[in-house]
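Undergrad: What follows is a single structure, and I will ask about it in a moment.
All of the numbers you see were taken from the coordinates with simple rules; none came from a lab. Predicted, not measured: the structure shown is a model, and the values here were computed from it. Note that each Cβ is placed from the backbone with ideal geometry, even for glycine, and that neighbours are counted across all protein chains shown.
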Amino acid sequence: MKAVIFAGGVGTRLWPISRKNAPKQFEKIVGDKSTLQLAVERLDPDFKPQDIYISTGEKYKDIVFQQLPQIPRENFIFEPEVRDVGPAVAAACAIVGKNTPNEPVAILWSDHFVKKERRFREVLGFAEELVKEKSDLLVFIGQRARFANQNLGWLEFGEEVRSIRGTKVFEFKRLIYRPTLSEAQRYFESDTFAWNPGYFVTTPSFILNSYKKFASGIFEGVMKIQAAIGESDFEKVMKREYSKLEKISFDNAILEKLSPGNVLVIAADLGWSDVGAWEALKEALQIASSENVARGKVLLNDSSDNLVFNYTDQLAVGIDLKGMIVINADDVLLICSKESAPKIKKLVESLAGTEHEKLT
C-alpha cells in the first residue's frame, strides 16, 4: 500500500506559531519533531520510505526536504499554487497511480496527533484488505468520539457488515461537517457516529474515475499532468494545468456524491486528535481537563485547565487563570479563553491589508 500525506495548509487556528511562511505542520508543536515528521514516523515499519508520498505547496520545498531526508525526492508532490483539497487529492492520485492504479493508497494529513500508533497502522491494514478485495471502494477511518466536539466533521455509519480479527466494519451513511453543539451531543451519545479525521483508504483508479464522473474538468487536467510524468517538461505542465483546476473542497467535489455502496467505515479508538487549534491541542495533551498544559518557561499558581506555550526566554507567570490560552511568541502575545479560540482564524484574516499583515 502507498500513503499520501498532505501538508499544504496554512493553519491559522494555531496562530501565532503557525504562519503563512511556516505553517503548523512544520513546527515543533508536540515534542521535538514537527507534526509532519510524526505523521511519517507513525507509519513505520509498515510503510517503507519509497511508499510514502508528501503533497505540499511548492513554497515549502526546502522545508520538507530538510525535515524528511528519508523520503525519495521523486515522492514529493509540489502544488504550484493553492487550489483547495479537491485538486490536490486528484493530482496526488494521478501521480501516485501512474504505475499502480489499483494498489491501495491511504490518504492522510500532516497536522494530527495519534497516540495509539500501532492500532492506527493495524486499522490501515484492515482497510487495505477491504480495498484489495474490491478496488472500487473507499474505506473511512473514524475515531470513536471522546466528547461532543462541534469543531470537527463526523461520520454516520449503519449496520455492521463484517469483522476483521475483531475490528468491526460498518456500512456508510453520511458525512456531517461541524454540527451544532446539541447535534454533536446527540452524536456523542449514539453508537453510530464517529469523528472524521479525514483518513481513508481507496485506490487511485477509483478516485480518478470518481473525478471523471463528478468533476470532469479536474479529471481532464490531472490526466494531462499524469501523461507528463517522467518528461522534461513535467514541471511546466504541472504548473500550467494545475492553475486551471477548479478551486473546490474534496468533500464537495467527490465525497458528498459517492454511492454509499462504494463506501465503508471502520470506527476505532486511535488516540487521534486534530491539533490544528489550540483548544484541540490542549485536549490531546492533557490527562485530565483540569490539568494545565505548558511549554517553555511557565509558572502557574492557583490555575487550572490552561494551555500556556512560551516560546521566549522570558518567564511567563499566571495566577488564578482558568480555561485560558496564552501563546507567547517573540513578536506576538496571544491571550484568550478556550471558548474564544475559534475566533483566532477570523482575527488573523482581519489583519490582511493592515500594518500587522506581516505577522500572519
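Undergrad: Taking only Cα atoms, what is the 0 to 90° angle, nearest 10, from helix 85-96's long axis to the longest principal axis of the chain?
TA: So the helix axis and the longest Cα principal axis differ by about 50 degrees.
Undergrad: Same structure, new question: Compute the orientation-averaged projected area for region 44-192 from the convex hull of its Cα atoms and round it to one decimal in nm².
TA: 10.5 nm²
Undergrad: For T100 paired with R174, estimate the spin-label separation in nm (one decimal), with each label point 7 Å from Cα along the Cα-to-Cβ line.
TA: Calculated label separation equals 3.7 nm.
Undergrad: Quote to one decimal, in nm, the extra length available between N301 and E58 on full extension: 0.36 nm per residue of separation minus the C-alpha distance between them.
TA: The span from N301 to E58 would gain 83.0 nm if fully extended.
Undergrad: Nearest 10 degrees, 0 to 90: what angle lies between the long axis of helix 117-133 and the longest principal axis of the chain (Cα atoms)?
TA: Taking Cα atoms only, the helix is inclined about 20 degrees.
Undergrad: How many percent of Cα pairs in region 210-360 exceed 26 Å?
TA: Percent of Cα pairs beyond 26 Å in region 210-360: 56.
Undergrad: Also: Compute the longest continuous run of the chain that contains no exposed GluC sites (Glu not before Pro); treat a site as exposed when its DSSP state is not H, G, I, E or B and it has at most 15 other Cβ atoms within 10 Å.
TA: Formally, the longest exposed-site-free interval is 82-188.
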